Amino acid sequence: MLEKGMIAPDFTLSDKDGNAVSLSDFRGKKVVLYFYPKDNTPGCTRQACAFAASYDAFRSNDVVVIGISRDSVASHVKFAEKYDLPFILLSDPERIAIEAFGVWQEKKTAGKVGMGVVRSTYLIGADGVIEAVMPKVKPDTNAAEILDMLGITTP
């Protein structure tokens, strides 16, 4: 995984609408970049819904929220519509950003060992420098931890 103080690697991926989105598009703003294993799974859904519930607090503080998984653009469309997700979801089937950020790792699922996306979050400063690295985050508390880290209170 990358470390605090490093420049976040740039990438360009497709969002749920098929538009090309680059990390560098958001220079000048803080970015919460979270990687998750799969759309419509219990933990990933809880994490996405927690970010959606806090989205106004992020947006009003000029913080961009981006979720990335290996799922297709079509899967992201269904996921976003089903749970009313207002933030950016990027499709990374070739693992471009996933590998650049070091979240493609060996993991154990249901007793089997294999490679997969380890649920991780990066907080990237307006200057493109990584301010925080959160490996193996908990889906239910990740959004709140980021808000706390940023000193943002929610009503």
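The values are calculated or read from the model by the stated rules, or taken from the named source; none is laboratory data. Nothing here was measured: the structure is a model prediction, and the numbers come from that model. All Cβ positions, glycine included, derive from the backbone under ideal geometry; neighbour counts span all protein chains shown. Quick note on the areas: whole protein, heavy atoms, side chains included, nothing else; ligands and nucleic acids left out. Shrake-Rupley method; radii C 1.70, N 1.55, O 1.52, S 1.80 Å.
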Looking at region 81-100, which of the residues that are more than 21 Å from L147 (Cβ to Cβ) and open to solvent by less than 80 Å² (accessible area, probe 1.4 Å) is nearest to the chain's Cα centre (by Cα)? L90
P37, sole failed condition from (1) in contact with a Gly (Cβ under 8 Å, 6 or more places away or on another chain); (2) farther than 16 Å from V129 by Cα; (3) of a type outside the set (S, T, N, Q); (4) surrounded by fewer than 17 Cβ atoms within 10 Å (Cβ to Cβ): (4)
Can you confirm whether region 101-118 contains a residue that is more than 18 Å from D39 (Cα to Cα), surrounded by 14 or more Cβ atoms within 10 Å (Cβ to Cβ), β-branched (V, I, T) and in contact (Cβ under 8 Å) with a residue 60 or more places away in the chain? no
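I'm checking my understanding of the structure. Among residues of region 119-155 that are β-branched (V, I, T) and more than 19 Å from F11 (Cβ to Cβ), which one is surrounded by the fewest Cβ atoms within 10 Å (Cβ to Cβ)?
T153
Quickly run through region 119-140 and pick out the residues that are part of a strand (DSSP E or B) and without any contact (Cβ under 8 Å) to a residue 60 or more places away in the chain. Steps first, answer last, please.
First, pick out the residues of region 119-140 that are part of a strand (DSSP E or B): 120-124, 129-134.
Listed by number, the list holds a single entry, M134.
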So for region 64-86 (the condition being part of a loop (DSSP other than H, G, I, E, B), touching a residue at least 40 places away in the same chain (Cβ under 8 Å) and of a type in the set (G, A, S)), does at least one residue qualify? no
Looking only at region 22-33, and only at residues there that are closer than 19 Å to F58 by Cα and outside any helix (DSSP H, G or I), the one that is most open to solvent (accessible area, probe 1.4 Å): R27
Criterion: open to solvent by 20 Å² or more (accessible area, probe 1.4 Å), outside any strand (DSSP E or B), out of contact with any Cys (no Cβ under 6 Å at 6 or more places or on another chain) and under 19 Å from G102 (Cα atoms) - qualifying residue of D56, D10: D10
Please work out which residue is farthest from the chain's Cα centre (by Cα), limiting yourself to region 101-116 and to residues that are over 17 Å from L23 (Cβ atoms) and of a type in the set (V, I, T). V113
